1. Determine whether residue 188 is part of a strand (DSSP E or B) and either surrounded by fewer than 20 Cβ atoms within 10 Å (Cβ to Cβ) or of a type in the set (Phe, Trp, Tyr) (or both).
2. Being open to solvent by 50 Å² or more (accessible area, probe 1.4 Å), farther than 15 Å from residue 191 by Cα and touching a strand residue (DSSP E or B) at 6+ places or on another chain (Cβ under 7 Å) is the filter here; which residues of the range 129-161 pass it?
3. Which residues, counting only those in the range 207-244, are under 24 Å from residue 117 (Cα atoms), hydrophobic (A, V, I, L, M, F, W, C) and open to solvent by 70 Å² or more (accessible area, probe 1.4 Å)?
4. Let me spell it out: the conditions are (1) surrounded by 14 or more Cβ atoms within 10 Å (Cβ to Cβ); (2) in contact with a helix residue (DSSP H, G or I) (Cβ under 8 Å, 6 or more places away or on another chain); (3) in contact (Cβ under 8 Å) with a residue 40 or more places away in the chain; (4) closer than 25 Å to residue 19 by Cα, and residue 119 meets all of them except one. Which number is the exception?
5. Quick one: is residue 197 at pLDDT below 95, among the basic types (Lys, Arg), over 20 Å from the mean Cα position of the chain (by Cα) and open to solvent by 10 Å² or more (accessible area, probe 1.4 Å)?
Amino acid sequence: MDFAGIFDKNFFSFAGMLGGAPGGGLLPLGGASLAAASGQPHAGENYALLASGACADDVEKAARFFAERGAEFVTPWLPQTPHSIARTLEERGIERRRIYTSMYLPVEAERGHGSPEVAAVTAEDAARWGEAAWYAFGGEAGEAAKAYVPFGEYLANHPKNRAFALEEQGRYVSTALIHETDEAYGLYYFATVPERRRQGLAAKLMDGVTAALPEKKPLVLLATEAGLPFYINYGFKIIDKVPVYSACDDI
């Protein structure tokens, strides 16, 4: 099975979905390449995905697209990203900041048996899920947190997505988002609020999420350096290393 291709299709679909968020936008580039603005200013939620056939002009168009929105962005260097555009990225100060890892959980892998604390988020709880996702990724209270809630609602309510949360005493402390394509489930926004990390909540949430997936499809994701050991221990397999480029170091 071509897991690299399956991951790419899910990731491109996910980015396209982000472009429909409130205040977001989508810019088709050469070939299958695209720039997807989520409506959020944070680099890690805006993507320039440069596929086979992308050229220097596509980099310039993507950079202008995000600059007009006052947003930073990231460019994951996928296996299909042409090496010919490396110099254009460097000239714009778009440099390698991290090395992430694309991964998959095989369909034959043991899945979780569910947990009563893990909830499939309904439309009426979508705003609460969005707020929890903000704090789970280290966001602070204030106007930025309030502005993030409509974006979280969009993610949780999108027809290709399923939002999950682990609840404790009426509060969501861990979040997860599944983005479904024909061949795979993609895992995104998987995080726990800082004060409850390293206490087994991630495994409990993952058990609940995998138990809730109805079809036998691989689960794919892009792991950060910090998250990689957890995913390996859970049973995920490595597809490829993915350098992540950005003009911003806070990704």
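1. yes
2. Listed by number, the list holds a single entry, 160.
3. Of everything in the range 207-244, just one residue is under 24 Å from residue 117 (Cα atoms), hydrophobic (A, V, I, L, M, F, W, C) and open to solvent by 70 Å² or more (accessible area, probe 1.4 Å), namely 232.
4. Checking residue 119 against (1) surrounded by 14 or more Cβ atoms within 10 Å (Cβ to Cβ); (2) in contact with a helix residue (DSSP H, G or I) (Cβ under 8 Å, 6 or more places away or on another chain); (3) in contact (Cβ under 8 Å) with a residue 40 or more places away in the chain; (4) closer than 25 Å to residue 19 by Cα, the one that fails is (4).
5. Spelling it out, it is not the case that residue 197 is at pLDDT below 95, among the basic types (Lys, Arg), over 20 Å from the mean Cα position of the chain (by Cα) and open to solvent by 10 Å² or more (accessible area, probe 1.4 Å).
The values are calculated or read from the model by the stated rules, or taken from the named source; none is laboratory data. Because the structure is predicted, anything quoted here is derived from the model rather than measured. Every residue, glycine among them, receives a Cβ derived from its backbone with ideal geometry; neighbour counts consider all protein chains shown. The protein model used for the area step is the full one, side chains on, heavy atoms only, and it has no ligands, DNA or RNA in it. Shrake-Rupley method; radii C 1.70, N 1.55, O 1.52, S 1.80 Å.
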